[in-house]
1. Quick one: Ala24 ticks every box in (1) surrounded by 15 or more Cβ atoms within 10 Å (Cβ to Cβ); (2) on the phi > 0 side of the Ramachandran plot bar one, so which box is it?
2. So if I check each of Gly18, Gly31, Gly68, Gly73, which one is on the phi > 0 side of the Ramachandran plot, of a type outside the set (Asp, Glu) and open to solvent by 60 Å² or more (accessible area, probe 1.4 Å)?
3. Looking at the range 5-22, I want the residues that are under 19 Å from Ala53 (Cβ atoms) and modelled with pLDDT of 85 or more and have a partner that is outside any strand (DSSP E or B) and among the basic types (Lys, Arg) with Cβ atoms under 8 Å, at least 6 apart or on another chain. Which pairs are those?
4. Would you point out the residue of the range 34-54, among those that are open to solvent by 40 Å² or more (accessible area, probe 1.4 Å) and farther than 30 Å from Leu5 by Cβ, that is farthest from the chain's Cα centre (by Cα)?
5. What are the residues in the range 3-42 that are in a loop (DSSP other than H, G, I, E, B) and in contact with a Leu (Cβ under 8 Å, 6 or more places away or on another chain), if any?
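The values are calculated or read from the model by the stated rules, or taken from the named source; none is laboratory data. Given the structure is predicted, the values throughout are model-derived calculations rather than measurements. Note that we place each Cβ from the backbone using ideal geometry, even for glycine, and neighbour counts take in every protein chain shown. Calculation scope for accessible area: heavy atoms of the full protein, side chains included, ligands and nucleic acids excluded. Shrake-Rupley method; radii C 1.70, N 1.55, O 1.52, S 1.80 Å.
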Amino acid sequence: LTARLRDAFGGPVIANGGFDGRSAEQVVAAGGAAAIAFGTPFLANPDLPMRLANRLPLNTPDPSTFYGGGARGYIDYPAYSHTA
């Protein structure tokens with residue numbers, strides 16, 4: 001579907017939804033999209049670009065905290081920390 005939309009649109013397509021670092025790289029490399037947008041992963045990973053670049057594990061988002069009006073779930077996810 002994305003290829004058909006891209007062809008009909010004629011401009012760059014930004015895909016999103018369900019991508020991890022590897023699948024995002026594969027889609028862009030294959031020409032399936034010009035870029036990949038990350039929404040939910042950014043909520044749970046304040047350092048997402050660094051984690052993706054270094055293939056580090058991601059925090060698991062807690063959807064029960066989304067759009068709740070408070071700080072919980074938006075500013076309290078930890079940055080990556082390597083522990084021995």
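1. Single failed check for Ala24: (2).
2. From the options Gly18, Gly31, Gly68, Gly73, the qualifying one is Gly18.
3. Gly21/Arg51; Gly21/Arg55; Arg22/Arg55
4. Result: Asn54.
5. Val13, Asp20, Phe38
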